[in-house]
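Here is the structure we will look at.
Coordinate-derived values only; no laboratory data. Treat the numbers as computed from the prediction; the structure is a model and nothing was measured. When we count neighbours, we look across all protein chains shown, and the Cβ atoms used for this are built from the backbone with ideal geometry, even at glycine.
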Amino acid sequence: MSIVLRIVLVLLLALAAVEVVSVVFRRLEVLDRAHGRRRAARRATLYRLIVSATRYVVVFIALIIVLDFLGVHTTSILAAAGIVGLAVAFGAQNFVQDVVTGLSLMYEDTYQVGESVFFPALALSGTVEEVGLRITRIVGSTGELITLPNRLVSEVANYSRGAVSLSVPIPLDVGCDPAAVRAALAAVAEQLSTPEVAVRVAGLTAVVPGAVTWTLSATVPTGQQGALATNLREAAVAACHAHGLALAPAP
């Protein structure tokens with residue numbers, strides 16, 4: 001009866017440990033989704049892998065303890081398991097490195113599908129096609145699909161994040177009234193500014209015979225600078241025409 005009670009107690013503790021770990025990581029997953037975090041899906045995958053690994057480890061430990069209570073010599077089992085584990089570790093070390101690095105990339109949200117990246121150590125660049133536990137696939141500049149083991153990812157330059165400075169020069173006739181130019185361009189800046197992008201008038205930035213250059217500047221998210229530059233040029237030209245401000249003659 002004493003052995004039975006010990007076995008039941010061990011099993012209950014094992015179930016409780018697994019349940020506690022599951023609840024903790026489920027709560028973390030819910031919190032990530034509730035806060036709308038961009039990498040919530042990747043973290044959820046990582047959380048489930050941790051819960052699954054914990055379940056196997058707890059079950060193995062509980063099994064060893066139960067066998068020990070039943071009088072089975074577990075020393076040889078543990079020794080055999082250690083030898084097998086060592087052999088697997090040596091034989092699959094590249095695979096383990098790929099998975100560990102993949103988990104790190106997913107948790108740190110280093111890059112996502114659709115982003116433009118560059119791997120300096122490998123001299124590879126392209127658009128991310130797939131991010132997995134073992135491999136990363138990118139599409140190169142000429143359309144080739146490159147499969148990259150995650151263990152080779154040591155340094156990444158992500159061109160799809162952060163912000164870049166944008167300057168749009170507006171060449172005007174030297175006879176334009178500076179106050180009128182500033183007012184017209186200030187209206188353009190106010191019109192095209194958003195909560196994410198603040199456009200401002202940098203002022204008169206160059207003077208050459210017969211022409212002056214005024215500049216609009218902004219800090220924009222990577223990938224949006226082309227569209228904003230086009231909109232700024234169109235709006236600036238329209239504002240100049242509306243206010244009777246002549247553009248600089250062609251050199």
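Details
- Over all pairs of different C-alpha atoms in the range 2-91, the reciprocal of the mean inverse distance, the Kirkwood hydrodynamic radius, equals 15.4 Å.
- Placing unit charges on the Cβ atoms of the charged side chains and taking the dipole of the range 2-91 about its Cα centre, the candidate lying farthest along the positive direction among Leu46, Val8, Val72 is Leu46.
- Hz values of 3J(HN,Hα) by residue in the range 110-127 - Karplus curve (6.51, -1.76, 1.60), Gly and Pro given as x: 5, 7, 10, 4, x, 8, 8, 10, 9, 9, x, 5, 9, 6, 10, 9, x, 9
- According to the calculation over all Cα-Cα pairs in the chain, the P(r) per 5 Å bin from zero is 1, 5, 9, 9, 9, 9, 8, 8, 8, 7, 6, 5, 4, 3, 3, 2, 2, 1, 1, 0, 0 %.
- Cβ-based net charge around Ile138, under 11 Å, with every Lys or Arg adding one and every Asp or Glu removing one: -3
- Most fluctuating residue given options Gln97, Gln191, Gln224, as computed from a GNM of the chain linking Cα atoms under 10 Å: Gln191
- Distant-in-sequence amide contacts of Gly203, defined by a placed amide H-H separation under 5 Å and a gap of 5 or more residues or a different chain, comprise Thr215.
- For the range 163-242, the alpha carbon convex hull comes to 78 Å³ per residue, rounded to a whole number.
- Taking Lys and Arg as +1 and Asp and Glu as -1, the other residues whose beta-carbon sits under 12 Å from that of Glu129 total -2.
- The charge dipole of the chain, taken about the Cα centre with unit charges on the Cβ atoms of Lys, Arg (+1) and Asp, Glu (-1), comes to about 740 debye, rounded to the nearest 20.
- Residues whose amide H lies under 5 Å from that of Leu124, counting only those 5 or more places away or on a different chain, are Phe119; hydrogens are built 1.01 Å from N in the peptide plane.
- Residue among His241, Thr213, Ala187 farthest towards the positive dipole end of the range 163-242, charges placed on Cβ: Thr213
- Taking 0.36 nm per residue of separation and subtracting the current Cα-Cα distance, fully stretching the chain between Glu130 and Val72 would add 16.1 nm.
- Angstrom value of the Kirkwood radius, inverse mean 1/r, which spans all Cα pairs in the range 110-158: 10.5
- On the principal axes of its alpha-carbon atoms, the range 67-194 has extents of 100, 38, 19 Å, going from largest to smallest.
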